[in-house]
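Asks: Input: one structure, supplied below.
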Amino acid sequence: MMTASAPTATSPSDRSEQRLHWARGAAGDARLELQRASVDAGFRSYWRTEGSNASRIVMDSPPELEDVKPWLRMRDLLEAGGVRVPQVLARDVEAGFLLLEDLGGPTLAQVIDDQSADDWFDLAIAELLKLQAIIPPEGTGEFGEALLQRDAGLFEQWFLDRHLGLSLDCGEVEALQGVQRRLMDNALTQARVLTHRDYMPRNLMPTRPQPAVLDFQDCVWGPVAYDAISLFKDAFLSWPLSRVDAWLQRYHARALAAGVPVPAAWPQFQRDADWLGVQRHLKILGIFARLHYRDGKSKYLPDAPRFITYLEQVTPRYPQLAPLQALLDERIKPAMRAQGSL
């Protein structure tokens, strides 16, 4: 297997040649070709092989941009815990190339529908409970104060300021910061488990008997309700609130039975999950705006109205979040309507 020298920036054409040369050697097929399999918000890319052998996936993780080692370490940890993850068939860690099994084309987000959702979410909950039972190794990142403060800043800097052009007055700033503080305190006081942070149908493959988990390299030691609410309040796929509440309650019962450290009382867990959802929705609005303005990746921002709906579904349940609802009604939604984005 080829070994790269010290990482240096390469042009797209040079990287393409390196990728194809490596893939042909790793797969043992000199006539193999590569076709783009998926687009990632980060720097990794995925390519499907076409040739005489069975289809495989090449992960290209340019070492100067995105080190593949954290992905491999977390993959091995999850697999040891019984979580279904992609199998690695060949690797060149220094060059940033992996040859993976091909789990198919569509993700769970592309095949799940009203009729199949209950079945698929039952399977996804089973995988999540396995993930949450894994003890994170020493050195695993933590979903703590610093990360929460960064997330709050993303919403204010990129969505409110850059995207909507809103300048909040002192009272509005104080009210928003008060809500953000409550959301952060909720996250910080929850029991901790291994947390994926993007556990949603887009990062699950519809394999049987277990869905395969993707995009797990950024797992952290985090609040127990985070991944469950992420699964049902997806960034790209929405469900009626009544179904979300029922699925979340189903997760809660199974988590209790499995010994996952969720609160015993359902109302407490529902509040924990709802508030984490609000924190996540605000963060994602900021990330989508940053992807558009800073990174030139504009396909995500049109989903912003989905998160406004998520916020409006939950904030009326909790008087403590009323300042955020007022900001939505009085400033954010009018600005979005003026842009034609709501």
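The values are calculated or read from the model by the stated rules, or taken from the named source; none is laboratory data. From a predicted model like this one, the values you see are computed outputs, not experimental measurements. Cβ: placed from backbone, ideal geometry, glycine included. Neighbour counts: every protein chain shown.
Asks: Being crowded, with 17+ Cβ neighbours inside 10 Å, over 27 Å from Ser16 (Cβ atoms) and out of contact with any Leu (no Cβ under 9 Å at 6 or more places or on another chain) is true for just one of Leu77, Leu108, Leu129. Which residue is that? Working first, answer last.
Replies: Working: Leu77 fails: out of contact with any Leu (no Cβ under 9 Å at 6 or more places or on another chain); Leu108 fails: out of contact with any Leu (no Cβ under 9 Å at 6 or more places or on another chain).
Criteria check complete, one pass: Leu129.
Asks: I want to confirm something. Restricting to region 170-204 and keeping residues that are within 29 Å of Tyr46 (Cα to Cα) and among the polar types (S, T, N, Q), which single residue is farthest from the chain's Cα centre (by Cα)?
Replies: The residue in question is Thr195.
Asks: I've got another one for you. Residue by residue through region 132-158, note down the ones that are surrounded by 15 or more Cβ atoms within 10 Å (Cβ to Cβ) and part of a loop (DSSP other than H, G, I, E, B). Steps first, answer last, please.
Replies: Here is the first cut: in region 132-158, the ones surrounded by 15 or more Cβ atoms within 10 Å (Cβ to Cβ) are 132-134, 136, 140-141, 143-144, 147-148, 151-152, 154-156, 158.
Ala133, Ile134, Pro136, Thr140, Gly141, Phe143, Gly144, listed by residue number.
Asks: Return yes when Phe121 is farther than 22 Å from Leu285 by Cβ and of a type in the set (Phe, Trp, Tyr) and no when it is not.
Replies: Values: farther than 22 Å from Leu285 by Cβ: yes; of a type in the set (Phe, Trp, Tyr): yes.
Here the answer is yes, as Phe121 does meet what is asked.
Asks: Among the residues of region 224-242, is any in a helix (DSSP H, G or I), surrounded by fewer than 17 Cβ atoms within 10 Å (Cβ to Cβ) and in the same structural domain as Arg317 (by TED's automatic domain parsing)? Steps first, answer last, please.
Replies: Taking region 224-242 and keeping what is in a helix (DSSP H, G or I), we get 226-232, 241-242.
Filter once more, so that each one left must be surrounded by fewer than 17 Cβ atoms within 10 Å (Cβ to Cβ): 241-242.
Within this subset, residues satisfying the condition of being in the same structural domain as Arg317 (by TED's automatic domain parsing) are 241-242.
Yes, because at least one residue in region 224-242 is in a helix (DSSP H, G or I), surrounded by fewer than 17 Cβ atoms within 10 Å (Cβ to Cβ) and in the same structural domain as Arg317 (by TED's automatic domain parsing).
Asks: Next question. Only one of Val220, Val179, Val193 is buried (at least 21 other Cβ atoms within 10 Å of the Cβ) and under 26 Å from Met74 (Cβ atoms). Can you tell me which?
Replies: On the way: Val220 fails: buried (at least 21 other Cβ atoms within 10 Å of the Cβ); Val179 fails: under 26 Å from Met74 (Cβ atoms).
The match here is Val193.
Asks: State yes or no: is Glu50 over 30 Å from Ile135 (Cβ atoms) and either hydroxyl-bearing (Ser, Thr, Tyr) or surrounded by fewer than 16 Cβ atoms within 10 Å (Cβ to Cβ) (or both)? Explain how you work it out, then say what you get.
Replies: On the way: over 30 Å from Ile135 (Cβ atoms): yes; either hydroxyl-bearing (Ser, Thr, Tyr) or surrounded by fewer than 16 Cβ atoms within 10 Å (Cβ to Cβ) (or both): yes.
Yes: the conditions hold for Glu50.
Asks: Criterion first (outside the structural domain of Pro206 (by TED's automatic domain parsing), buried (at least 19 other Cβ atoms within 10 Å of the Cβ) and among the basic types (Lys, Arg)) does Arg36 satisfy it? So that I can check it myself, show each step before the final result.
Replies: Working: outside the structural domain of Pro206 (by TED's automatic domain parsing): yes; buried (at least 19 other Cβ atoms within 10 Å of the Cβ): no; among the basic types (Lys, Arg): yes.
No: the conditions fail for Arg36.
Asks: Kindly list the number of the only condition in (1) of a type in the set (Lys, Arg); (2) more than 19 Å from the chain's Cα centre (by Cα); (3) under 30 Å from Phe288 (Cα atoms) that fails for Arg44.
Replies: The failed condition is (2).
Asks: Just one of the numbered conditions (1) surrounded by 17 or more Cβ atoms within 10 Å (Cβ to Cβ); (2) within 21 Å of the chain's Cα centre (by Cα); (3) not hydrophobic (A, V, I, L, M, F, W, C) is not true of Arg91; which one?
Replies: Result: Arg91 fails condition (2) only.
Asks: Considering region 241-284 alone, what residues qualify as being closer than 22 Å to Leu324 by Cα and without any contact (Cβ under 8 Å) to a residue 24 or more places away in the chain?
Replies: Across region 241-284, the qualifying residues are Val244, Pro267, Gln268.
Asks: Taking Asp198, is it touching a residue at least 12 places away in the same chain (Cβ under 8 Å) and either of a type in the set (A, V, I, L, M) or assigned to a helix (DSSP H, G or I) (or both)? Step through it out loud before you land on a result.
Replies: Numbers: touching a residue at least 12 places away in the same chain (Cβ under 8 Å): yes; either of a type in the set (A, V, I, L, M) or assigned to a helix (DSSP H, G or I) (or both): no.
In short, no.
Asks: Quick one: is Glu172 acidic (Asp, Glu) and in a loop (DSSP other than H, G, I, E, B)?
Replies: The answer is no for Glu172.
Asks: Could you grab the pairs with beta carbons closer than 6 Å, sequence gap of 6+ or different chains, first residue in region 12-32 and under 16 Å from Leu65 (Cα atoms), second one not in a helix (DSSP H, G or I) and not aromatic (Phe, Trp, Tyr)?
Replies: Arg19/Asp60
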